[in-house]
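Accompanying notes for the structure given below.
The values are calculated or read from the model by the stated rules, or taken from the named source; none is laboratory data. The model shown is predicted, which means the values in this text are computed figures rather than measured ones. Neighbour counts run over all protein chains shown; Cβ positions are idealised from the backbone, glycine included. All accessible areas refer to the heavy atoms of the entire protein, side chains included, with ligands and DNA or RNA removed. Shrake-Rupley method; radii C 1.70, N 1.55, O 1.52, S 1.80 Å.
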Amino acid sequence: MSGLAAAAPRRPKCVVLNLKRMDFDGRLDLSALRAAADVEAFDASPSDALILERVAGAEVVITKEMVLRGDVVARFPASVRCVIEAGTGYNNHDRGALAARGIVLRTCPAYSIEAVATLVLTHVLAFSASIYEQRRRLQAGDRRHFEDMDANIGTMPHFELAGKTLGLVGGNGAIGTRVGQLALAFGMRVLVSTRSGRCPAGCEVASLPALLEASDFVSVHCPLSDDTRGLLGAEAFGRMKPSAYLVNTARGAVLDEAALVAALRDGAIAGAALDVQDPEPPAPDSPLWDLDNAILTPHVGWRRLETRQRLLASVVADVEAHVAGSDLNVVAPP
């Protein structure tokens, strides 16, 4: 034995451009990240000029749901070799510009599987037990479903999930697979529309039109791309049952918002739970704010403390993979 201690791993200079997006409550433990890299962290999402100022001399740039446009990437210093998006989607980053500069893009694809999947089932369960409608009536001062339950509960959707059908649009990924597993545990039939033609065990492959027509709940799980932008619009909502509910925890722009508003207003579908919108938050004058059958949350699927700590662990793993030259979580160039 030589008696020589192993060399410590290299600690690259790393800048976190908008830490507040992940650590909005100051509760994250950053010690593992600081052990893996020489970290400089900034709170709020910066302007383009500040982005360029802050990445000066950095080797690794970490972002969370902020836009990196191609013209900004083109002006990155040569020191930047890796961008880590602390999340699943990478639609906010110009992959072509990053590839042109030889900058590797990595993501954190698995951190929020359980949190997002349980949020989907939370909405499915709440819709099936008329929870949202009962709450809406109470807030409006209407207590008739307490005073004359037999007459009034019957005016609300109130049903068991066993035997009902859940359709997963793009549901062959990790989150969609987990949603399918949870739905199967409730005795639901699960349909999956996916380009691969494959689906998780216990589920059934269906074309998108067939899925929309058969489903009592439709949950969106496809990434946002040129192919999926506006994927579900007037034609899709027209195929859904008037009693069906839509849940979107993917990306807001997968839906045509104007068409969705019309479908909700006209009763073409029974309701929608939207954890994502386009933009986020919706415009102040968006009709979504005032629709009784639209449930809005501010992209909370990934925001539980345990989920965010797992996200940070995935970021650390990406930093370590960069140092080691591993292809862990590398996004292929376009």
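Residue count for the stretch 164-190 under the criterion of being of a type in the set (G, A, S), within 22 Å of P109 (Cα to Cα) and part of a loop (DSSP other than H, G, I, E, B): the result is 3.
For the stretch 233-270, filtering for residues that are outside any loop (DSSP other than H, G, I, E, B) and open to solvent by 20 Å² or more (accessible area, probe 1.4 Å) leaves 9.
The set of residues in the stretch 94-108 being more than 12 Å from V315 (Cα to Cα), out of contact with any Phe, Trp or Tyr (no Cβ under 7 Å at 6 or more places or on another chain) and of a type in the set (D, E, K, R) consists of D94, R95. Residues that are modelled with pLDDT of 95 or more, farther than 25 Å from L224 by Cβ, assigned to a loop (DSSP other than H, G, I, E, B) and open to solvent by 40 Å² or more (accessible area, probe 1.4 Å) do not occur anywhere in the stretch 89-97.
Among the conditions (1) free of Cβ contacts under 8 Å to residues at least 60 places away in the same chain; (2) on the phi < 0 side of the Ramachandran plot, G57 misses just one, which is (2). Checked against (1) free of Cβ contacts under 8 Å to residues at least 40 places away in the same chain; (2) more than 20 Å from the chain's Cα centre (by Cα); (3) open to solvent by less than 70 Å² (accessible area, probe 1.4 Å), L212 passes all but a single condition, namely (1).
Starting from the stretch 131-143, keep only residues that are touching a residue at least 24 places away in the same chain (Cβ under 8 Å), then list their pairs with residues that are surrounded by 12 or more Cβ atoms within 10 Å (Cβ to Cβ) and of a type in the set (A, V, I, L, M) whose Cβ atoms are within a distance under 6 Å, requiring at least 6 positions of separation or different chains. Here the result reads Y132/A126; Y132/I295; E133/M156, each pair linking the stretch 131-143 to a residue that is surrounded by 12 or more Cβ atoms within 10 Å (Cβ to Cβ) and of a type in the set (A, V, I, L, M).
The rows are residues; the columns are (1) modelled with pLDDT of 90 or more; (2) surrounded by fewer than 16 Cβ atoms within 10 Å (Cβ to Cβ).
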{"position": "V120", "(1), (2)": "yes, no"}
{"position": "F127", "(1), (2)": "yes, no"}
{"position": "S130", "(1), (2)": "yes, no"}
{"position": "R137", "(1), (2)": "yes, no"}
{"position": "A140", "(1), (2)": "yes, yes"}
{"position": "R144", "(1), (2)": "no, yes"}
{"position": "N152", "(1), (2)": "no, no"}
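If you take the residues of the stretch 300-332 that are open to solvent by 10 Å² or more (accessible area, probe 1.4 Å) and among the acidic types (D, E), which of them is farthest from V60 (Cα to Cα)? By that ranking, first place goes to E306.
Taking (1) modelled with pLDDT of 95 or more; (2) not acidic (D, E); (3) not in a helix (DSSP H, G or I) in turn, P209 satisfies each apart from (3).
For (1) open to solvent by 20 Å² or more (accessible area, probe 1.4 Å); (2) among the aliphatic types (A, V, I, L, M); (3) touching a helix residue (DSSP H, G or I) at 6+ places or on another chain (Cβ under 7 Å), each residue gets a yes or a no:
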| site | (1), (2), (3) |
| --- | --- |
| D29 | yes, no, yes |
| R34 | yes, no, no |
| D48 | yes, no, yes |
| R54 | yes, no, no |
| V67 | yes, yes, no |
| V73 | no, yes, yes |
| C82 | no, no, yes |
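Which residue is nearest to the chain's Cα centre (by Cα), if the candidates are limited to the stretch 185-201 and must be closer than 26 Å to A129 by Cα and open to solvent by less than 60 Å² (accessible area, probe 1.4 Å)? Among residues in the stretch 185-201 that are closer than 26 Å to A129 by Cα and open to solvent by less than 60 Å² (accessible area, probe 1.4 Å), the one nearest to the chain's Cα centre (by Cα) is V192.
Scanning for something open to solvent by 70 Å² or more (accessible area, probe 1.4 Å) and out of contact with any Asp or Glu (no Cβ under 6 Å at 6 or more places or on another chain), does the stretch 169-178 turn up at least one residue? Looking through the stretch 169-178, none of the residues is open to solvent by 70 Å² or more (accessible area, probe 1.4 Å) and out of contact with any Asp or Glu (no Cβ under 6 Å at 6 or more places or on another chain). Taken over the stretch 283-311, the criterion of being of a type in the set (D, E, K, R) and in a helix (DSSP H, G or I) is satisfied by D290, E306, R308, R310. Count of the stretch 136-155 residues, restricted to those that are in contact with a helix residue (DSSP H, G or I) (Cβ under 9 Å, 6 or more places away or on another chain) and not polar (S, T, N, Q), is 9.
Considering A110, A78, the condition of being more than 30 Å from L291 (Cβ to Cβ), touching a helix residue (DSSP H, G or I) at 6+ places or on another chain (Cβ under 7 Å), in a loop (DSSP other than H, G, I, E, B) and open to solvent by 40 Å² or more (accessible area, probe 1.4 Å) is satisfied by A110 alone.
Going by the structure shown, is S196 hydroxyl-bearing (S, T, Y) and over 30 Å from C108 (Cα atoms)? Here the answer is no, as S196 does not meet what is asked.
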